[in-house]
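Below you'll find the structure, written out as structure tokens, and then a few comments.
The values are calculated or read from the model by the stated rules, or taken from the named source; none is laboratory data. Quantities reported herein were computed from a predicted structural model and do not represent experimental measurements. Counting neighbours? That spans all protein chains shown, and the Cβs are built from the backbone with ideal geometry, glycine included.
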Amino acid sequence: MRHSRNYMIAIHIAAVVMAVVILLPFVWLVISSVSPATDLVSAHVHWWPAHPTLSRYKAIFSSSVGGGDNVAANFRLAMVNSLIVAGVTTAISLTVGALGGYAFARLRFRLRRTSLFTFLTVYMLPPIALVIPLYLALANLHLLDSKIGLILTYCSIVTPFCLWTMSNYYLSLPADLEEAARVDGCSRLGALVRIILPLSRPGLLTTAMFGFLLAWDEFLFALIFTSTSNAKTIPVAIAEFTGKFSSDFGLIAAGGVLAAGPPVILALLSQRFIVGGLTSGAVKG
Amino acid sequence: MNLSETTQPLELVGTGPTRRVVLTVGGGLGLATFLAACGVGGGSGASGGAGSGKGAIRALVMKQAGYSEEDIRKMTSTFQAANPDIKVTLDFVAYEALHDKTVAAAPAGTYDVVLIDVIWPAEFGTKKIVADVSSKWPASWKEQMLGGAVATPQYNSQFYGVPWILDTKYLFFNTAHLAKAKVDAAQLDTWDGVLKAARALKASGVTKYPLVWSWQQAEALICDYTTLLGAFGGTFLDESGKPAFQHGGGVQALEFMHQSITDGLTNPTSTQSLEEDVRRVFSAGQASMAMNWTYMFGMANDPKQSQVAGDVAVLQTPSGPGGRPGVNGSMALALSAQSQNQDAAWKYITYLTSQPVQAKFALSSLPVWKSSYDDPAVVKTNPAVIEQAKKQLADLILRPQVKNYNAISLVLQAEIQNALVGKKPAQQALNDAADKTATLLGS
Amino acid sequence: MSVPQVATTPVKKLGARGSGARGEARFAFLLLLPAALVVFGVVLYPVARTFVVSLFAVDSPLPGSYPFVGLGNYTRVFRDPDFYGVLGNTMYFTLVSTGAELILGIAVALLLNAPLRARWFWRSLVVLPWALPTIVNGALWRWIYNGQYGALNGLLEAIHISSTPVQWLGSPFLALNMVIFADVWKNTSIVVFFILAGLQTIPSDLYEAARIDGASAWSAFWRLTLPLLAPSIAVVLVLRTIEAFKVFDIIYVMTGGGPASGTQTVAFYTYLQAFSNQLFGYGSALAYLIVVAVFAMAMVYLRLLRQGQMAGVE
């Protein structure tokens, strides 16, 4: 194309450097997960174990659930719980946030600023502050140790975040789009749904990804509110790989590798939507 | 090109709201606040009840240490078979979560039985999170249980639970290393001897840092400090309850610790290590001696997880001028004060802590009953450790049993670390800790 | 050549259905109602209660009678000598990690926006750190930094930079920086995605126009891209600042606040006071002070990133 050869080489070198920085720790994670326990404690780092073992992965996939010390087997359930909780939370929060964010971005009404700040306060509060009263609230609603309880809790954190992000994203879109639509006879809601939202795909996707991560990663609430594999999520399950004193980093690594799987797949699937975006055509005219 | 008329980030400030708005919002907030205030400025807390001795109870116990999840489930199913009217639900959590979950769940009364660490009876007892069970304790137990066990759930001479998991730290050493450096294991009976041995090991090149400890800024650090404080004859608090660790034995203990680092005898990673790191370093053959809990013996001798399997021996805590008490790291089963079913819960607790049950699972955790240690079946499970345990478990030292122990521990952890990393001299660190502790104790 | 007008005049000037300010307000109410239900349905009571608790000297989780201290807990924060060290750690953590994430994030986003071959591959890589749970990330880096058998020391030894093992988590300031590094490694991905989305909104003909005008790549970036990215940057800055002030999980797993309290940040300190010491009144006050601090910082960002006249929505 128009770009010089030096430019192309430069950016590809930069890309490789970036890849190395990202991948090295990850590669070490994978290697640790297949290294026998003795290798993990030896004096000199074994870059590749003499006898790699898949025993930890086997334990996670094959052992039966529920009884005994099958921490690994309960991991499978935790994975499912995490996916459900994070997925539903993101779906709800994104929908609600995309709608509400539009109000903050484009509409005038009293208390606009106050209400935005109130929403953000919930997001700004460290979770620690809310644990006990929230525990009590959930206990009274019989929602402890349940996925629904976690979903409700996480929605209250992820939604303000979505509101904030989406409202700023809408602001970056040109305002004449709605004007044009309404001149054409569209209702406000119609303009929002038919014109703005489709154009907001990159913003929606980014918000969704970050929101998913907030729910996926959340540790403290999950730790305190869940007790059985009904609702235990991955961070809790992985934390339980460590005993009072003992821990096998290889098992944690195996858990981490597996836990990273679904988000990566989700992100890959949504690649196409992120690439798209506002074309200059919509602005002209 | 001037593009400054482009989009603006969402503003958070602007012109103020109208008066009517302020009133409505204020009213709404006021209502919420009023509702929230109930139960803070006044009002009593719910209290527990004895219950009918039947029904469902819920227990919060620990995963992955002492008795395994499988052990506990087996014990529970046998209990339920013998007591069909009582149904037990078990919640297993990691140790770190045990304290926080107990605290969070207290107002909701979720649990009837909770497993508590030896450092919590004062805190939980005074805050009425666990119930005072002194009236339920048969006098015979005080004779039949080991001394260290009886002390575990006590605060202010009241009992707040029943001891269940007994543990202390022992001195583990690598027999092959000692042989190579021509060090006699008998030397390890005193701390002076340990240092001498370490010097010999270092000089002969067997290990670069013969000693490794769990001195990360965590409770583990206080456990080690406690052991040494006891060995040097120090105390945490004097008879009037004021800090005393900044005099005598307490200072000598910290100076011992710091000196061993500067002398190159203690592995510098110790200040970021927990018990598991100690085990790993020892199991990799990179330390010759280490203090650790009972669990390390099995794992260090397991060829699948250790490169020094077969060379591991265990001894009592070395003695210093003040004796050789082991740090009490036990745990007890407690009755939740909010439980509505305390009779049933108490039945469950007495069953779990009974001698036959403990003897059956002695491999996982040493029993609290004196006579078990002469029982051949029990001795057979772990002869090397039991031989030392018999002696050590009768002589344990406690960390201060005060209601804000956690806060004091945090202060001590920070100051001891300051001394260990060289930020402050030992005496000053302990003086500062003592000042802060005095304030905490007074409040 | 004209620059397309992208003014942000409010929509209300139009007629049509639901017209005027009342219609707008009603529409806004409808749009925000679900959000309000979702957010405040469960947490309104806890948020309010926590605030109330911060006004009393509460030292137990159980309901009971506690003395009213008004703002006593709040002033106690400022009289707490340990707090200042913790605050310093937090400010350093926030500034350095957010700054690093921003710079690296913009750089990587620009890279991913460039005509790379197999762009999908490079973009997918960036997802990986984001996908790893924070708990695992903390454990991973703790493992890598280990002074005895960590990979970092092993690497340095293998490429002959140094053969004495470094205690990466052994001294307070170094440990703080290593924790920051681990956090930045994971969280830069998010910044990349935000900036990338922002880059997509910049019409490409702007660059053509700049090129025709003779602007260099660097000047185009500085005078064209960066100002247009300002909104995205502002959003990300506020978000990452909030997250940095709340940072807890990674410290819990990696260092537990040590060594010598060097990695204790405000949120972790709040946890210690509220849970370990059971000083719920004090902990709640700390939490609300965090909110105030974050809000203040957000205001600063938004002011700084404001360009020219604020002509936007009210």
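Do the conditions hold for A:I128, that is, is it facing chain C (nearest Cβ under 7 Å), touching a residue at least 60 places away in the same chain (Cβ under 8 Å) and in a helix (DSSP H, G or I)? Yes: the conditions hold for A:I128. In region A:64-84 there is no residue matching the filter, namely being modelled with pLDDT under 85, of a type in the set (D, E, K, R), closer than 30 Å to A:A215 by Cα and exposed (fewer than 15 other Cβ atoms within 10 Å of the Cβ). Among helices (runs of 4 or more DSSP H) entirely within region C:115-174, having at least 2 residues that are touching a Leu at 6+ places or on another chain (Cβ under 7 Å) singles out C:119-131, C:134-145.
Out of all the residues in region C:124-133, is one or more modelled with pLDDT of 90 or more and either more than 12 Å from chain A (Cβ to nearest Cβ) or touching an Asp or Glu at 6+ places or on another chain (Cβ under 8 Å) (or both)? No: region C:124-133 contains no residue that is modelled with pLDDT of 90 or more and either more than 12 Å from chain A (Cβ to nearest Cβ) or touching an Asp or Glu at 6+ places or on another chain (Cβ under 8 Å) (or both).
The set of residues in region C:60-79 being within 7 Å of chain B (Cβ to nearest Cβ) and modelled with pLDDT of 90 or more consists of C:F68 alone.
Does region A:30-37 include one or more residues that are more than 22 Å from A:I265 (Cβ to Cβ), outside any loop (DSSP other than H, G, I, E, B) and modelled with pLDDT under 80? Within region A:30-37, one or more residues are more than 22 Å from A:I265 (Cβ to Cβ), outside any loop (DSSP other than H, G, I, E, B) and modelled with pLDDT under 80.
Checked against the criterion of being buried (at least 22 other Cβ atoms within 10 Å of the Cβ), among the hydrophobic types (A, V, I, L, M, F, W, C) and within 30 Å of C:Y66 (Cβ to Cβ), the candidates C:F268, C:F295 yield just one match: C:F268. Quick one: is B:S240 over 24 Å from B:L166 (Cα atoms), touching a strand residue (DSSP E or B) at 6+ places or on another chain (Cβ under 7 Å) and either surrounded by fewer than 22 Cβ atoms within 10 Å (Cβ to Cβ) or in contact (Cβ under 8 Å) with a residue 60 or more places away in the chain (or both)? Here the answer is no, as B:S240 does not meet what is asked. Of the residues making up region A:207-243, those that are under 16 Å from C:A139 (Cβ atoms), over 17 Å from the mean Cα position of the chain (by Cα) and not in a helix (DSSP H, G or I) are A:E240, A:F241, A:T242, A:G243.
Of the residues making up region B:50-72, those that are at the interface with chain A (Cβ under 7 Å from one of its Cβ atoms) and out of contact with any strand residue (DSSP E or B) (no Cβ under 7 Å at 6 or more places or on another chain) are B:Q64, B:A65, B:S68, B:E70. Scanning region C:81-123 for residues that are closer than 30 Å to B:T439 by Cβ and at pLDDT below 90 turns up C:P81, C:D82. Of the residues making up region B:99-120, those that are within 22 Å of A:K232 (Cβ to Cβ), more than 9 Å from chain A (Cβ to nearest Cβ) and not in a strand (DSSP E or B) are B:H99, B:T102, B:Y111, B:D112.
Considering only residues in region A:163-196 that are surrounded by fewer than 17 Cβ atoms within 10 Å (Cβ to Cβ) and under 16 Å from A:V96 (Cβ atoms), the one that is nearest to the other protein chains (Cβ to nearest Cβ) turns out to be A:L189. Within region C:31-54, if we keep just the residues that are crowded, with 24+ Cβ neighbours inside 10 Å and touching a residue at least 60 places away in the same chain (Cβ under 8 Å), the residue that is farthest from the other protein chains (Cβ to nearest Cβ) turns out to be C:S54. The residues listed here are B:G249, B:G241, B:G234; of these, the one that is at positive phi and at pLDDT below 95 is B:G241. Take C:G257 and decide whether it is more than 7 Å from every other protein chain (Cβ to nearest Cβ), within 21 Å of the chain's Cα centre (by Cα), buried (at least 24 other Cβ atoms within 10 Å of the Cβ) and not aliphatic (A, V, I, L, M). Spelling it out, it is not the case that C:G257 is more than 7 Å from every other protein chain (Cβ to nearest Cβ), within 21 Å of the chain's Cα centre (by Cα), buried (at least 24 other Cβ atoms within 10 Å of the Cβ) and not aliphatic (A, V, I, L, M). Could you tell me how many of the residues in region A:140-159 are assigned to a helix (DSSP H, G or I) and touching a Gly at 6+ places or on another chain (Cβ under 8 Å)? Count: 4. For B:A414, state whether it is surrounded by fewer than 22 Cβ atoms within 10 Å (Cβ to Cβ) and either assigned to a helix (DSSP H, G or I) or modelled with pLDDT of 95 or more (or both). So B:A414 fails the test. For C:I195, indicate whether it is within 13 Å of the chain's Cα centre (by Cα) and either at the interface with another protein chain (Cβ under 7 Å from one of its Cβ atoms) or among the aliphatic types (A, V, I, L, M) (or both). It is false that C:I195 is within 13 Å of the chain's Cα centre (by Cα) and either at the interface with another protein chain (Cβ under 7 Å from one of its Cβ atoms) or among the aliphatic types (A, V, I, L, M) (or both).
Each row is one residue, and each column tells you yes or no for (1) at pLDDT below 95; (2) in a loop (DSSP other than H, G, I, E, B).
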site: B:K128; (1), (2): yes, yes
site: B:V150; (1), (2): yes, no
site: B:F173; (1), (2): no, no
site: B:Q187; (1), (2): yes, no
site: B:T207; (1), (2): yes, yes
site: B:Q217; (1), (2): yes, yes
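Pairs meeting the criteria (first residue in region C:137-162 and more than 9 Å from every other protein chain (Cβ to nearest Cβ), second residue acidic (D, E) and in a helix (DSSP H, G or I), beta carbons under 7 Å, at least 6 apart or on different chains) are C:G138/C:D249.
Close contacts from region C:262-276, counting a first residue that is farther than 14 Å from C:L87 by Cβ and a second that is of a type in the set (S, T, N, Q), with Cβ to Cβ under 9 Å and a gap of 6+ residues or different chains, come to C:L272/B:N406; C:L272/C:Q264; C:A274/C:S284; C:F275/B:N406; C:S276/B:N406; C:S276/B:S409.
Residue-by-condition table, conditions (1) among the hydroxyl-bearing types (S, T, Y); (2) surrounded by fewer than 23 Cβ atoms within 10 Å (Cβ to Cβ):
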residue	(1), (2)
C:I103	no, yes
C:A139	no, no
C:N146	no, no
C:L155	no, yes
C:S171	yes, yes
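The number of residues in region B:267-319 being over 18 Å from B:R199 (Cα atoms), crowded, with 20+ Cβ neighbours inside 10 Å and of a type in the set (G, A, S) comes to 5. Scan C:V42, C:V58 and give me the residue that is under 30 Å from A:C155 (Cβ atoms) and not in a helix (DSSP H, G or I). Residue meeting the stated conditions: C:V58.
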